[in-house]
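Comments concern the structure below.
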Amino acid sequence: MSRNYSGPLEDRIAIRELLESYADAVNRVDQETWASLWVEDCHWDLSHYPELGVVSGKDKVVELWAGAMPHYPKLSFVAMPGMIHVDGDTAVARTYFSEVYEEPETGKDKRARACYNDKLVKRDGEWFFQSRSFTILHQT
């Protein structure tokens, strides 16, 4: 095990698949799959954007995402875990991602490199997002 990865390999693979399923759902604008990755008592911290703040509760998290997706046409979202630490039925992860999308007003490509700091929970043998905290690293 490396310093950035600890805990049972089976759990770390399942968490990686959770992260990859999130990216796939974003790329396909698949609300049903995207929503299925969160627990009911979840939090999505988007305070990097003060107008959004922290959204709590699965219904509100999904509502925000569904409302935002039409503003990001031709979105490409690629995620890569940088750290996963599993401790029983909880885990923390850091996920870096790159996204490119067409700005609706100008038609120009926008690019962002960002990071999610995640808290995850395992329920009935499956991993879910408990909270995701978003930070932009670079944007053009």
For this session: Please give the length that would be gained between VAL29 and HIS138 if that part of the chain were fully extended, namely 0.36 nm times their separation in residues minus their C-alpha to C-alpha distance (nm, one decimal).
Result: 36.9 nm
Exercise. Using the count of nearby Cβ atoms within 10 Å as a rough guide to exposure, how do GLU99, GLU51, GLU20 rank from fewest to most?
Worked result: GLU51, GLU20, GLU99
Seminar exercise, completed: Computed over the chain: longest principal axis from alpha-carbon atoms vs helix 9-28 long axis, angle to nearest 10 degrees, is 20 degrees
Seminar exercise, completed: Plugging the Cβ-Cβ distance of THR90 and GLU17 into 1/(1 + (r/R0)^6) at R0 = 22 Å yields, to the nearest 0.05, a FRET efficiency of 0.80
Exercise. Which values, in whole Å and largest first, are the semi-axes of the equivalent ellipsoid of the chain obtained as the square root of 5 times each eigenvalue of the Cα gyration tensor?
Worked result: 26, 17, 14
Exercise. What 222 nm value per residue comes from the helices of the chain, counting each DSSP H run with n ≥ 4 as -39,500 (n - 2.57) and dividing by all residues, nearest 500 deg cm²/dmol?
Worked result: -8500 deg cm²/dmol
Exercise. Taking the mean number of other Cβ atoms within 10 Å as a proxy for protection, how do you rank 83-89, 72-78, 107-113 from highest to lowest?
Worked result: 83-89, 72-78, 107-113
Problem set entry | Cα centroid of the stretch 89-140 to Cα centroid of the stretch 17-87, whole Å | 7 Å
Problem set entry | Relative packing of peptides 100-106, 37-43 - highest average C-beta neighbours within 10 Å first | 37-43, 100-106
Exercise. Assigning unit charges at the beta carbon (Lys, Arg +1; Asp, Glu -1) and nothing else, what dipole magnitude in debye, to the nearest 20, does the chain show about its Cα centre?
Worked result: 520 debye
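Computed from the coordinates by the stated procedures, all read-outs in this text should not be read as laboratory data. Worth saying up front: this structure is predicted, and the values here are computed from it rather than measured. All Cβ positions, even for glycine, are placed from backbone atoms using ideal geometry, and neighbour counts span all protein chains on display.
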